[in-house]
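Enquirer: First, the structure itself, so that you have it in front of you.
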Amino acid sequence: MTGIDYREFLTASEPHKALTRGTRRSVGRNNAGRITVRHKGSGHKRLYREIDFGYAKRVPAAVETVEYDPNRSGFIGLLLYRDGERRYALLPQTVKVGSVIETGEQAPATPGNRLPLSKIPIGAFIYNVEVKPGNGGKLGRAAGTHIELIARDGGYADLKMPSSEVRKVLETCYATLGEVSNPENKLVHIGKAGRSRWLGIRPTVRGTAMNPVDHPHGGGEGRQGRGLRRAKSKWGRPTGKGQKTRTPKKYSNYLIVSRRKVGKKRKTE
């Protein structure tokens, strides 16, 4: 079992109370209480921090603290704006306490600053990217990840996603320069089942260990192969490495320039 020594990175142990609220996690249930996403449930109680993903405020802000957020893998920072308001934001790797963060078309292209894609240099690493202008950052928010701006054409910016997919996003959408903080998160080894339960992750049972009535891979005397050319989910949908699961006529297909690489032979240049 391994972890991260957060004392090296964090500067505050308690969150800013005005920007926190209680929340009830869905733990994989819908509004009727039925399980819609398996393997979720229980977990330690969490206090929700309200993060500013919207980029609405165009006033320079200084980073007051670097804090841990149990609801996400990257670190968050408490920003103090010049007008006295405080907001939380997802921090990049190089920004520290005292750094100044600016938002707007005239902001310099330095890590932590927020600019529209039309003003960001080609080849820059960005994160927390909007999909629709003014709708808040949605793409590239996990710890240590980044999105690469590789081209601009016809009012759209071409972005290379962490999954290796290349897709178009409107140039007027905002993004933050840099890479998401806490890159060591991917090196953490959970180590024991109980620690997964603290995180709200319930056990996953293999399909081959089930009965035929419960899963397409189930049944057979002793250990058996799945007996199928391709792996299936519990509901008969394609699953496993190397199989395409994207909806063929999805509404956003026209925005996809290059599909993500899947399977064992995936290359991430």
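Derivation of every value follows stated rules applied to the coordinates shown; laboratory data play no part. The model shown is predicted, which means the values in this text are computed figures rather than measured ones. Quick reminder, even Gly has a Cβ in these numbers, built from the backbone with ideal geometry, and neighbours come from all protein chains shown.
Enquirer: Please pick out the residue among 66, 97 that is within 20 Å of the chain's Cα centre (by Cα), touching a residue at least 12 places away in the same chain (Cβ under 8 Å) and closer than 25 Å to residue 111 by Cβ.
Expert: 66
Enquirer: Here are 150, 122: which of them is surrounded by fewer than 22 Cβ atoms within 10 Å (Cβ to Cβ) and in a loop (DSSP other than H, G, I, E, B)?
Expert: None of the other options fit; the residue is 122.
Enquirer: What is the residue count in the range 187-204 for residues that are without any contact (Cβ under 8 Å) to a residue 40 or more places away in the chain and either surrounded by 13 or more Cβ atoms within 10 Å (Cβ to Cβ) or on the phi > 0 side of the Ramachandran plot (or both)?
Expert: Qualifying residue count, the range 187-204: 1.
Enquirer: Just to check your reading of the model, which residue among 32, 62 is more than 30 Å from residue 203 (Cβ to Cβ), surrounded by fewer than 16 Cβ atoms within 10 Å (Cβ to Cβ) and out of contact with any helix residue (DSSP H, G or I) (no Cβ under 9 Å at 6 or more places or on another chain)?
Expert: Checking each option against the conditions leaves just 62.
Enquirer: From the list 179, 221, 184, which one is surrounded by fewer than 16 Cβ atoms within 10 Å (Cβ to Cβ), within 30 Å of residue 103 (Cβ to Cβ) and among the acidic types (Asp, Glu)?
Expert: The match here is 184.
Enquirer: Would you check if there is a residue in the range 75-85 being in contact with a Pro (Cβ under 9 Å, 6 or more places away or on another chain) and part of a loop (DSSP other than H, G, I, E, B)?
Expert: Yes, the range 75-85 contains at least one residue that is in contact with a Pro (Cβ under 9 Å, 6 or more places away or on another chain) and part of a loop (DSSP other than H, G, I, E, B).
Enquirer: Within the range 102-119, take every residue that is under 21 Å from the mean Cα position of the chain (by Cα) and assigned to a loop (DSSP other than H, G, I, E, B) and give me the one that is surrounded by the most Cβ atoms within 10 Å (Cβ to Cβ).
Expert: The qualifying residue surrounded by the most Cβ atoms within 10 Å (Cβ to Cβ) is 112.
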